[in-house]
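A quick write-up on the structure given underneath.
The values are calculated or read from the model by the stated rules, or taken from the named source; none is laboratory data. On a predicted model such as this, the values are computed, not experimentally measured, just so you know. Cβ atoms come from the backbone with ideal geometry, glycine included; neighbour counts cover every protein chain shown. Side chains are part of the model used for accessible areas, which takes the heavy atoms of the whole protein and leaves out ligands, DNA and RNA. Shrake-Rupley method; radii C 1.70, N 1.55, O 1.52, S 1.80 Å.
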Amino acid sequence: MATEQQKRTPNTSRPSDKGSRSASRPNDRPHNPIPVFENSPTFQMACQQLNMVAESIDLDAGVHERLSKPKRAMVVSIPIRMDAGHTESFIGYRVQHSLTSGPSKGGLRYHPAVDLGEVAALAMWMSWKCGIMNLPFGGAKGGISVDPARLSRGELERLTRRFTEEVLAIIGPRQDVMAPDLGTDEQTMAWIMDTYSMKVGYACPEIVTGKPVELGGCVGRREATGNGVIYCVMEALAELDLNVNEATAVVQGFGNVGSVVCQELADRGVRIIAVSDRTGAIRNARGIDIAALTRHVNAGKQLCDYPEAERISGAEILTTPCTILVPAALERVITAENAPKIRCRVLAEAANGPTTPEADVILSNSDVFIIPDVLCNAGGVTVSYFEWVQDIQQFLWSEEQVNEKLHELMLKAFHQVRSLAKERNFSMRLAALSLGVQKVAKEKLRRGLYP
Ligand code: NAD
């Protein structure tokens, strides 16, 4: 039986799987854009990146068409009783980009700016990330348009449980597995796990990852994304022949990922000279004591009130000269406007999508070494995979095993990307995206187009 690959149209300059696309329109970009995504700059950015990959590698045109849209998207209204007695409803999303490689996998985000296009872009990036790391997952993402800081713990619990109930039809340990992201944490995952378990009638820890260790969570998962970032940064410093002890770092975001990155860099002798979070930004050229800053924040004080540093504007954080710049908060913060002012040697994209395509072009003409998001922050989903495997097998790993395996897989991925970049004269981003897209594309071609 002919595979989709074998069905290539001989007279076209780009191959097509002859799926929804005929040989008469071989070189076009994917068509029939989905109207609800059209206005999302983040989704457009993800599609632009996919198009860039398609132009650089021999991507089957039919597969390109299929990968340019999410497989499934669900929008739900989530009404909850607020503490004050009235009812408020929030809008939630779950998008599954690809189901080809296994269950879909991706975080759940609580942020006021969450919309369907952003979630769809993040789901697409998750597919490439799982591809780069060679994990048996497709990409997914979810989110609720809400400011979690405005809600009480009780309200957050009711919101999370009702959201779980609303998306029940499309999630499952073999269908779609959630994890924490911006504005959510291991407690959020515990509520999802409990709600799902109550529905199916037995404890089902494998429905989420990033949950508390006592509920089947994986040791080291909380630190995994930050640790993965650090492993990549250390490889980049070595490649650039830069001394760790003379390096300085600036980190945007002091949450799960940003705080771990700060602490791990500081432990390795890097001077952290500026940090920011949603409350503001601080700088101290002599270095910020991260343990003291963590105590300050954990005591419920605002990061920007930390007394041993000067306050700077949120915008200044990204243009502060340093060796290592780590955006670890939101997407699209490095733009055509501030990219020319960026003064770092290594840009470690801990956040998803922090650099717009326009900024990417500007930075690619500078001496900034970019560790692209789909590689840089892939430690999180990698240890999520370890957690899922342990829950299914009911066989727990030690923290050493987790960290050793994470280190091994991150280094392998980093050097695969680096080698491809050198071999094909690709940027690190193009190399990383190409690896991720290729893996999914190969699987799609092998499976063929149903029916
Ligand atoms: P988090 O909610 O724990 O922390 C987010 C941090 O960003 C907080 O300190 C918050 O105050 C700060 N922030 C919010 N708005 C800001 C602004 N305008 N300026 C500066 N700081 C701001 O979230 P997280 O889990 O650390 O995720 C951070 C980023 O990393 C996100 O892009 C997320 O998608 C990505 N990521 C997270 C994981 C994970 O395992 N948690 C995995 C892969 C990628």
Within region 52-66, can one find any residue that is surrounded by 22 or more Cβ atoms within 10 Å (Cβ to Cβ), modelled with pLDDT under 95 and under 23 Å from the mean Cα position of the chain (by Cα)?
no
I'd like to know if region 408-425 contains one or more residues that are open to solvent by 10 Å² or more (accessible area, probe 1.4 Å), among the aliphatic types (A, V, I, L, M) and within 27 Å of HIS64 (Cβ to Cβ).
yes
One residue is enough: does region 387-403 have a residue meeting the conditions within 16 Å of the ligand (Cβ to nearest atom), closer than 15 Å to ALA432 by Cα and in contact (Cβ under 8 Å) with a residue 24 or more places away in the chain?
no
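Please go through region 227-245 and pick out each residue that is touching a Gly at 6+ places or on another chain (Cβ under 6 Å) and surrounded by 21 or more Cβ atoms within 10 Å (Cβ to Cβ). Step through it out loud before you land on a result.
Keep residues of region 227-245 that are touching a Gly at 6+ places or on another chain (Cβ under 6 Å), which gives 227-228, 244-245.
Hits for region 227-245 are ASN227, GLY228.
From the residues in region 332-351 that are in a loop (DSSP other than H, G, I, E, B) and open to solvent by 20 Å² or more (accessible area, probe 1.4 Å), which one is farthest from the ligand (Cβ to nearest atom)?
Start the filter on region 332-351 by keeping residues that are in a loop (DSSP other than H, G, I, E, B), which leaves 332-333, 335-338, 342-345, 349-351.
From what's left, open to solvent by 20 Å² or more (accessible area, probe 1.4 Å): 332-333, 335-338, 343, 345.
On the way: ARG332: 10, VAL333: 7, THR335: 13, ALA336: 19, GLU337: 16, ASN338: 13, ARG343: 19, ARG345: 21 Å.
Top of the filtered list is ARG345.
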Only one of (1) in a helix (DSSP H, G or I); (2) surrounded by fewer than 20 Cβ atoms within 10 Å (Cβ to Cβ); (3) among the small types (Gly, Ala, Ser) fails for ALA224. Which number is that?
(2)
In region 227-272, residue farthest from the ligand (Cβ to nearest atom) [restricted to those that are small (Gly, Ala, Ser) and farther than 20 Å from HIS407 by Cα]:
ALA247
Check on ASN365, open to solvent by less than 30 Å² (accessible area, probe 1.4 Å), out of contact with any Asp or Glu (no Cβ under 8 Å at 6 or more places or on another chain) and either of a type outside the set (Phe, Trp, Tyr) or within 13 Å of the ligand (Cβ to nearest atom) (or both):
no
Residue check for GLU358: more than 9 Å from the ligand (Cβ to nearest atom) and among the charged types (D, E, K, R)
yes
Is region 323-331 home to any residue that is without any contact (Cβ under 8 Å) to a residue 60 or more places away in the chain and within 14 Å of the ligand (Cβ to nearest atom)?
no
Tell me which residues, restricted to region 169-185, are surrounded by fewer than 20 Cβ atoms within 10 Å (Cβ to Cβ) and either within 15 Å of the ligand (Cβ to nearest atom) or at negative phi (or both).
ALA169, ILE170, PRO173, ARG174, GLN175, ASP185
What residue, among those in region 107-150 that are more than 10 Å from the ligand (Cβ to nearest atom) and among the aromatic types (Phe, Trp, Tyr), is surrounded by the fewest Cβ atoms within 10 Å (Cβ to Cβ)?
PHE137
Would it be correct to say that ILE207 is away from the ligand (no atom under 15 Å from the Cβ) and under 20 Å from the mean Cα position of the chain (by Cα)?
yes
